[in-house]
Amino acid sequence: MIQLTRLNNQPLVVNSDLIKFLERAPDTVLTLVTGEKIIVRESPDEVLKKIIAFRQAILSGVVVGPASRAPSGAPILPAAGVDLTDFKD
């Protein structure tokens with residue numbers, strides 16, 4: 001999930017797996033697989049960067065929240081260059 005901002009400055013969390021299209025027309029418009037369209041303040045490049053960072057975090061095994069420790073008890077750290085501020089509550 002990625003956090004974006006609606007045009008009225010309200011935060012919005014979107015399941016990035018549901019994004020079908022991302023376009024600039026002139027605002028950034030997300031079209032979900034359901035057909036719903038969402039207009040956000042972030043540029044398409046910013047949205048793509050958030051999606052990539054989120055997926056990198058998932059693939060690197062990063063767990064955000066209280067369960068962010070490996071079975072050995074060692075903390076799970078983000079991959080290099082991943083900013084977890086987009087994934088925290």
- [ ] Consider residue 86 carefully, then state whether it is of a type outside the set (A, V, I, L, M) and either at pLDDT 95 or above or loosely packed, with under 14 Cβ neighbours inside 10 Å (or both).
- [x] no
Open item on the list: Being out of contact with any Lys or Arg (no Cβ under 8 Å at 6 or more places or on another chain), assigned to a helix (DSSP H, G or I) and not aliphatic (A, V, I, L, M): is that true of residue 50 here?
Closed with: yes
Task: Residues of region 1-41 satisfying the condition of being under 12 Å from the mean Cα position of the chain (by Cα) and not in a strand (DSSP E or B) - done: 1, 15, 16, 17, 18
Open item on the list: I'd like to know if region 16-33 contains one or more residues that are surrounded by 12 or more Cβ atoms within 10 Å (Cβ to Cβ), without any contact (Cβ under 8 Å) to a residue 12 or more places away in the chain, touching a Phe, Trp or Tyr at 6+ places or on another chain (Cβ under 9 Å) and under 20 Å from residue 52 (Cα atoms).
Closed with: yes
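The values are calculated or read from the model by the stated rules, or taken from the named source; none is laboratory data. What you are looking at is a predicted structure, and each value in this text was computed from that prediction instead of being measured. No Cβ is skipped: glycine too gets one built from the backbone with ideal geometry, and neighbour counts run over all protein chains shown.
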